[in-house]
1. When the scattering of chain B is computed by the Debye formula from its Cα atoms alone, each counted once and equally, what is log10 I(q)/I(0) at q = 0.12, 0.15 Å⁻¹?
2. Along Cα→Cβ at 7 Å, what distances in nm separate the A:LEU337 label point from those on the other copies, shortest first?
3. Using the Karplus curve 6.51 cos²θ - 1.76 cosθ + 1.60 with θ = phi - 60°, work out ³J(HN,Hα) for each residue of region A:312-327 in order, rounded to whole Hz, and write x for Gly and Pro.
4. Taking H as built 1.01 Å from N, whose amide H comes closer than 5 Å to the amide H of B:ARG3, not counting residues under 5 places away?
5. How are the C-alpha pair distances of region A:1-107 spread across 10 Å bins, as whole percents from the shortest bin up?
6. Can you give me the Rg/Rh ratio for the protein assembly as shown, using Cα atoms for both radii and the Kirkwood formula for Rh?
7. Could you line up B:CYS305, B:CYS315 from fewest to most neighbouring Cβ atoms inside 10 Å?
8. Where does helix A:140-153 land angle-wise versus the long Cα axis of chain A, in degrees 0 to 90, nearest 10?
2 protein chains.
Amino acid sequence: MQRFGIRYRIRVLEGESLEKKALGIAYEQSVELPYDVISEEIRERIVGQLGTPTLLEDGRYELEIRYPVGNAAPEIVQFLNVLFGNVSLTPGVQVVGVEWESLNEILYGPKFGVEGIRSVLEQPKRPLSCTALKPMGFSSQQLADLAYEFAMGGIDIIKDDHGLADQSYAPFEERVTAITRSVERANEQTGRHSVYAPNITAGIQDLQYRMDFARAQGCGAVLYSPNLGGLEAMHVLAHESDGLPIMAHPAFSGSYVTHKEQGFSPAFMYGELYRALGADMSIYPNAGGRFSFSLEECLAINIACRASLPSYKTCFPTPGGGVQWKQIPDWAKKYGLDTIFLMGGSLYQHPEGIRVAAQTVRETLESLVDGV
Amino acid sequence: MQRFGIRYRIRVLEGESLEKKALGIAYEQSVELPYDVISEEIRERIVGQLGTPTLLEDGRYELEIRYPVGNAAPEIVQFLNVLFGNVSLTPGVQVVGVEWESLNEILYGPKFGVEGIRSVLEQPKRPLSCTALKPMGFSSQQLADLAYEFAMGGIDIIKDDHGLADQSYAPFEERVTAITRSVERANEQTGRHSVYAPNITAGIQDLQYRMDFARAQGCGAVLYSPNLGGLEAMHVLAHESDGLPIMAHPAFSGSYVTHKEQGFSPAFMYGELYRALGADMSIYPNAGGRFSFSLEECLAINIACRASLPSYKTCFPTPGGGVQWKQIPDWAKKYGLDTIFLMGGSLYQHPEGIRVAAQTVRETLESLVDGV
């Protein structure tokens, strides 16, 4: 029977033993019954099988448990349950990897990937830029005016702030229509290909409509927060017959990654899981910004996004939050060309206005192609 | 303009100040821009307003921030973003309460509530019992045979294990049909009203179908894991014109509550949030079981589930995980009559079989009505 592996990092707490804790996970995430009330046949056919543990430098153990694909198949939601259902409540258990190749009939990964995004934007090589339209409270026209300036300056991807939804001051349809026209108008003048990515995150009864509306308007991509709107829903959106590239936003996901020994490693969450679930671009809080990831964790996310996997396209790592435009050359040296730099506040604060800020960003990125 | 309050507990970390951290939350969860680039008008109309902080015994501060309802309205998903979008990535920030009354046009709470469930089960007063059909790997007929025994013994609510989805060994439709018939057959023989609650947690394209199928078969309730299938989707299911009572399961939710100073307090998550989102019954890991909640945390969940709110029905607290049938009288004394006791392993381990186990549970619960 086909199985897939989940890699855990486990802290053995006072009063626990590694073997008992690991077996506890293997049983909890499959049969959910004590050893003595299940048959030998069920134990062999259904229960997770423990691999060999490795002692890590921090005193934790890394261990793979292999579960039957049939415990999850044919559904993504049930895969998520096997991945981290009840064990999400167990202290000291962190998921750091999944053997995706065995799951490629359930999870398809990105539809466009790095190459697809580069092709849409006609930018074969350099890092890309992204900014967010805000603040919440602006009218659709005010946001469209901002988008025009950003596109005139040459930002590649102009996204809604993830907090723009369907509020009365900038309702979804009115906003998306106005901003799309603005960006088109700028592109006509510049000859470039800036793309607008509206936030389509919504309830299950509105989500598909918003994707369809964005596509009908001619948007080049969409923004979606999978931990708000649903992880599995992102995969549905990604693999529609004529879907748009998806930029995933980490809103509401932080609790899975802020505890260093419980939940998911940042690289697993934003590199592996979001990618497997169809994110073409994955936003994460950059080191040095107003959130708490280390440079090492960010580099690990980048590696996971771009790792070569037989069945999945790659995903564009999109560090954001606290990225200053002046620091782009430094970050590009650290992160490489296949990176999207998401900048908000620092462009709005530029003394000469956002068009000049955007232009500076574009020129900086263009200068990097041969220099990194 | 109408506002609603969110109550946070905040740990001020090294290098931070309370005022700066609290203002950071108020800005991050609304305009997401630095103070200096937004207008006075936006600051007054959109940004969260800080209440007066209280110093707690553990050195943290409790503080309310009041946000315009219009920042969230008219959508639940955007409410969740205002509640805990980006701030989910900020260490030392825990949400402990929401002023629901101001949000009752967005969130409706349970449709049935404690009284509705008691009426379905014709059990006006005593605590209720619940068990789970498992293990994963059993055929539909094997699970139906278990359900028959539990119903003959008199378990009130017989639910699927939350890991039973649409696996090949017990496909959803076949399983739900077989188990419903089993429980009906037992009820005809006993004259009681045991209810079967199938797990309908699924992807957005299958969810409504599973609810409809369960209702068409004559199920009395459903099981749903909101952190797997979608938080907002639970509210949609709950407020259909002829929906079934919903038992919420905490799978995949643990990371929000296992860190004691980040995420949500257990009482907020399983008492307040699940209830606001439409859970009629809320399963949580009981103290003393194989997970990590304290008795104090469990009592706080019960209080939140049952708290009198002008717009919401109450929710049945459903402690599970490690509840032993022998301990029911003790737990009933601690938790009171409006409790559903969820028992799995200890019934399966009963030396005389599960029907006798179920019968003992029922007799114990019946003896409690006047004794608690």
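Values quoted throughout were computed directly from the atomic coordinates according to the rules given, and no laboratory measurement underlies them. Just so it is clear, the model here is predicted, and its values are computed rather than measured. As a convention, Cβ positions derive from the backbone with ideal geometry for all residues, glycine included, and neighbour counts pool all protein chains shown.
1. Cα-only, vacuum Debye calculation for chain B: -0.88, -1.25.
2. Going from nearest to farthest copy, the values are 7.4 nm.
3. 10, 5, 7, 10, 7, x, 10, x, x, x, x, 7, 9, 4, 5, 8
4. Those qualifying (amide H under 5 Å, at least 5 residues apart or on another chain) are B:VAL69.
5. Each 10 Å bin holds this share of Cα pairs: 15, 49, 31, 6, 0.
6. Details: Rg = 25.7 Å, Rh = 26.4 Å.
So for the protein assembly as shown, dividing Rg by the Kirkwood Rh gives 0.97.
7. Details: B:CYS305 27, B:CYS315 32.
So the ranking, lowest neighbour count to highest, is B:CYS305, B:CYS315.
8. Value to nearest ten degrees: 80.
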